Amino acid sequence: MSLTPGQFTALSNLQRKKAGQDVDWINISDARALTELGFAERTGGGWVITAAGTAVILAREAQDVDQPKRDDDKSPIPLK
């Protein structure tokens with residue numbers, strides 16, 4: 001299973017939102033997909049990240065320690 005770059009951006013925005021940071025917007029289609037995967041949930045105040053979604057962010061951050069980021073990389077983000 002993998003997340004599209006848009007889904008991962010939405011998940012990252014939800015993580016930042018949870019931390020109290022300002023976020024521009026969350027793409028509805030990406031948020032719905034994250035909800036279906038169990039990485040986000042819809043509440044009265046909008047979408048929020050779940051514990052499973054946070055685990056995805058933490059796993060990705062651990063992977064990024066070993067790999068340099070490329071701004072032009074549009075490939076799906078694998079989930080382990």
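The values are calculated or read from the model by the stated rules, or taken from the named source; none is laboratory data. Values in this document were obtained by computation on a predicted structure and should not be read as measured data. Cβ placement follows ideal geometry from the backbone for every residue including glycine, while neighbour counts extend to all protein chains displayed.
In the condition set (1) part of a helix (DSSP H, G or I); (2) under 19 Å from GLU61 (Cα atoms); (3) of a type outside the set (D, E, K, R), GLN21 is compliant with all but (1).
Taking every residue in segment 23-47 that is farther than 15 Å from THR9 by Cα and without any contact (Cβ under 8 Å) to a residue 24 or more places away in the chain and pairing it with any residue that is among the polar types (S, T, N, Q) and not in a helix (DSSP H, G or I), at least 6 positions away or on another chain, the pairs with Cβ-Cβ distances below 8 Å are GLY38/THR50; GLU41/THR50.
Take the residues in segment 24-46 that are in a helix (DSSP H, G or I) and either over 11 Å from the mean Cα position of the chain (by Cα) or surrounded by fewer than 19 Cβ atoms within 10 Å (Cβ to Cβ) (or both), then tell me which one is modelled with the lowest pLDDT. It would help to see each step written out before you state the result.
Pass one, segment 24-46, residues in a helix (DSSP H, G or I): 28-37.
Of the ones still in play, those that are also either over 11 Å from the mean Cα position of the chain (by Cα) or surrounded by fewer than 19 Cβ atoms within 10 Å (Cβ to Cβ) (or both) are 28-29, 32-33, 35-37.
Numbers: ILE28: 93, SER29: 96, ARG32: 96, ALA33: 97, THR35: 97, GLU36: 96, LEU37: 96.
Here the residue is ILE28.
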